[in-house]
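Working notes, structure below.
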Amino acid sequence: MRRDGDWTLKLARSVADGKSVDWDAEETGAPDEESRQVVHGFRLLSKITGFHEDLISEIEPLSAGDKWGALEILEALASGSYGEIYRARDPRLDREVALKLIAGETTEDDGTIGEARALAKVDHPNVVTVHGADVHAGRAGIWMELIRGRTLDSIVKSDGPLGAGEAALTGIDVCRALAAVHASGLVHRDVKARNVMREKGGRIVLMDFGLGREKQAAGGGRTVSGTPLYMAPEILAGEEATVQSDLYGAGILLYLLASGAFPVTGRSAGEIQNAHESGRSTSLRDARPGLPESFLRVVERATANKPGERFATAGEMEKALADFLDRESAESSGSPAIASPRPGGGPRLWFACAIAGIAIAAGVFFLRSGSPAYSVEASLYREGPSGAERLRSGSAVSPGDELFLKIQASSDLYTYVLSEDENGASFVLFPLPGYELKNPLPGDQSHQLPGNRDGEEIHWQVTSAGGREHFFVVACPSPVEEIERAIAGLPRAELGRPVRSAPISGESFRRLRGIGGAVPAFQSTGSNSPAPGSVGDIAGRLELRSEEVRGVWMREIVLENPQ
Amino acid sequence: MSDRDSHHDVESTQHLLARVQEGDREALERLYSRYIPRLRAWATGRIPPWARDMGDTEDIVQETVIASLGRLETFEMRGDGALRGYMRQAVLNRVRNLVRDRKVRPPSAEIPETAATRAPSPLEQTIGRETVESYERALEKLKDEERQAVHLRVELRCSYREIAEALCKPSEDAARMAVSRALVKLAKEMGHEA
């Protein structure tokens, strides 16, 4: 039967192109044993080709202009373990969405759609909003709000770890997101830095529910899913995911945010499990020395080996993080080094010098690292019945005055605003927990600090007569670790802090001094800009100047707040 | 894919590469998004379950691809297929290193062998471990260009145009011939082993 000289080439082309071949007939028709062996070799190769053909055909990505159902594909954004994510347009509502296509063929009956519908029930600002789910062309897809920002994984990898304060603020938002997920009867199963995004503007959003499963459906066969470095020991041992295993993941996330590392590492899930069982883990105290004790305790409890020793709920963990911020504030404000008045304004001088020192050191670092220059414009305003008045160093303020800061930079900047009176009482005015604006502030747009909270514009308020008030505004393209650490121990401006119109004496009122309050914005009928030609306008124009800097930018504004 | 589309891809890939080499993060992410679905799908077939446990498949592929993209200053851009082959080879090397590391590691009392660590890759499950090992051994006996031709066509299912670009062949027919000849050599090697 065999054959012309290039029969092997013909078979090779059939194999390469995935064409059907009657292999039994080919082998039977082989003229000799050697030819039969070659045919058999091709037959094996055809199986390998077919296997890969199946793999690739399942995931052939969509391209710009393609349609999936009613959605128009705009571009591929990313690829996850469970499929691809596209930027798409929903023409019915004329809005852009993120479309996640689940890998592999799907039918209506396999649970994907039901899961998506369950996820759509989760309505929380820190959880990505699911708009809908469907199956088209054999592929299940979920479309959801399009988040523009960076993952925490990307932030830590490119910018380094966060300070404890910033990590705690982020952790609070993650806990709120998990509380909402758990309240809907779901567990996330894959809490990790790559699944949490910081949107431009600062909103923390929990993403990727590819692994989400209904809690009550968790009785079936074991399927270990998730990322081993974030997996709780009991999950590695084969138990089902629970609220506590999600909180373990949140604890590992906090550990990573604060240190850039993981407590337990290994080359496989088995090694990681073994490390857990033999106690081979690195304490956060060793991974990142100097973190506040109460922050360490939160992380240690969240990542306890036994589920029963962890937080019972996401809400409890959120409260522990909030308590950490409050406790650190209280401990610090009671510290003689901060609270005790000293002749010559010792504490204030120390604080100002510390920040200046940071600015210089960090500035050198960024110069060396070649960070591009950026420009910053920042001005402090006092709100009033006739509009906003721009303040400059030397302006007088009094208890009850409402203040805000306008800032605009040419690039995304981590921004810190602090105040200190001449007795050394200090407050963190920004960033503040619970506010919509978070670090880093997006560049090329004007921001008003402290910003909105629960949709309501908030101003700082002068809550007591504290003598001379110092405002420090610090900005940097990356988190300033030393400042993050310092502000973790300072009290924050709080809504509802009472206004004291008389000078305050006595240790018990010392924490109320200065600009420590926050109030809903005064509803002015006037413009936010000072009257043209006014003293405030002229002074402001002198004060308001764009500064080309590298590294850390700092501005100090001194206000008179007579006792 | 039409010729026009293919050329468009080559141009835009080159443009993206130039931006990546200038440190443009967005270009890196776009380039990564462009290639990763096929590579990830391929990797799911080649990575054994125990290796996937080290991080999900995406982690392994992503880290390897980004690392290889970071070394692009040493890469001579010859076309879209060339880059695809380059990144696929990087992932394959990574997977093979994982397998090799596991195979050469001495038995450890601390790391008990489990069913998971012995579990075959999906490819091994489908065609048998012996066949996969025979295929790998036969591949090793091919010349580099022949091996790359097989990788691109058999495993990544690349078009002949992409393969022509990757292997610097003057035409799709030339690429088709290169693939066929490599497969003939491969089939003979595997047939003799069987």
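What the table shows:
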| quantity | calculated |
| --- | --- |
| Sole residue being in contact with a strand residue (DSSP E or B) (Cβ under 6 Å, 6 or more places away or on another chain) and not assigned by TED's automatic domain parsing to the domain that holds A:Met197, chosen from A:Val135, A:Val130, A:Val122 | A:Val130 |
| Counted residues, the stretch A:140-157 - those being outside any strand (DSSP E or B) and polar (S, T, N, Q) | 1 |
| Number of the exception - A:Glu457 against (1) part of a strand (DSSP E or B); (2) under 23 Å from A:Arg555 (Cα atoms); (3) at pLDDT 80 or above | (2) |
| Listing of helices (runs of 4 or more DSSP H) fully contained in the stretch B:82-186 that carry 2 or more residues being at pLDDT below 80 | B:115-118, B:160-167 |
| Close pairs from the stretch A:231-243: first over 19 Å from A:Ser278 (Cβ atoms), partner of a type in the set (Lys, Arg) and surrounded by 18 or more Cβ atoms within 10 Å (Cβ to Cβ), Cβ under 7 Å, at least 6 apart | A:Ala241/A:Arg189 |
| Test set (1) more than 22 Å from A:Ile102 (Cα to Cα); (2) more than 7 Å from chain B (Cβ to nearest Cβ); (3) assigned to a helix (DSSP H, G or I) - A:Ala30 fails condition number | (3) |
| Lone unmet requirement of (1) modelled with pLDDT under 90; (2) buried (at least 19 other Cβ atoms within 10 Å of the Cβ); (3) under 26 Å from B:Leu152 (Cβ atoms) for A:Tyr82 | (3) |
| Positions within the stretch A:263-286 being at the interface with chain B (Cβ under 9 Å from one of its Cβ atoms) and in contact (Cβ under 8 Å) with a residue 40 or more places away in the chain, in sequence order | A:Ser268, A:Ala269, A:Ile272 |
| Matching residues, the stretch A:15-74, being touching a strand residue (DSSP E or B) at 6+ places or on another chain (Cβ under 6 Å) and either crowded, with 17+ Cβ neighbours inside 10 Å or modelled with pLDDT of 85 or more (or both) | A:Pro61, A:Leu62, A:Trp68, A:Leu71, A:Glu72, A:Ile73, A:Leu74 |
| Candidate set: the stretch A:103-133, residues that are modelled with pLDDT of 75 or more and touching an Asp or Glu at 6+ places or on another chain (Cβ under 9 Å); chosen: the one nearest to A:Pro479 (Cα to Cα) | A:Asn126 |
| Answer residue from the stretch A:178-208, given it is under 17 Å from A:Glu318 (Cβ atoms) and under 8 Å from the mean Cα position of the chain (by Cα) and is modelled with the lowest pLDDT among those | A:Arg203 |
| Qualifying positions in the stretch A:279-296 - loosely packed, with under 15 Cβ neighbours inside 10 Å and modelled with pLDDT of 85 or more | A:Ser283, A:Arg285, A:Asp286, A:Pro289, A:Gly290, A:Glu293 |
| Residue within the stretch A:234-242 that is modelled with pLDDT of 90 or more and away from every other protein chain (no Cβ under 14 Å) present | yes |
| Residue within the stretch B:163-172 that is within 11 Å of chain A (Cβ to nearest Cβ) and in contact (Cβ under 8 Å) with a residue 40 or more places away in the chain present | yes |
| Qualifying strands (runs of 3 or more DSSP E) (wholly inside the stretch A:358-454; at least 3 residues being within 20 Å of A:Glu556 (Cα to Cα), modelled with pLDDT of 85 or more and within 30 Å of the chain's Cα centre (by Cα)) | A:402-409, A:414-421, A:447-449 |
| Qualifying position, being among the hydroxyl-bearing types (Ser, Thr, Tyr) and within 15 Å of the chain's Cα centre (by Cα), among B:Ser171, B:Ser134, B:Ser159 | B:Ser159 |
| Subset of the stretch B:143-179 [among the basic types (Lys, Arg) and touching a Phe, Trp or Tyr at 6+ places or on another chain (Cβ under 7 Å)] | B:Arg176 |
| Subset of the stretch A:84-99 (residues that are touching a residue at least 24 places away in the same chain (Cβ under 8 Å) and under 29 Å from B:Leu39 (Cβ atoms)) | A:Glu84, A:Tyr86, A:Arg87, A:Ala88, A:Glu96, A:Val97, A:Ala98, A:Leu99 |
| Members of the stretch A:195-210 that are buried (at least 21 other Cβ atoms within 10 Å of the Cβ) and charged (D, E, K, R) | A:Arg198, A:Asp208 |
| Pairs with Cβ under 6 Å, 6+ apart, first in the stretch A:153-171 and under 21 Å from A:Asp208 (Cα atoms), second at pLDDT 90 or above and surrounded by 24 or more Cβ atoms within 10 Å (Cβ to Cβ) | A:Ala167/A:Leu254; A:Ala167/A:Leu257; A:Ala167/A:Ala258; A:Gly171/A:Leu254; A:Gly171/A:Leu321 |
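The values are calculated or read from the model by the stated rules, or taken from the named source; none is laboratory data. Everything quoted here is computed from the prediction, not taken from an experiment. Methodologically, a virtual Cβ is constructed for each residue, glycine included, from the backbone with ideal geometry; neighbour enumeration extends over all protein chains shown.
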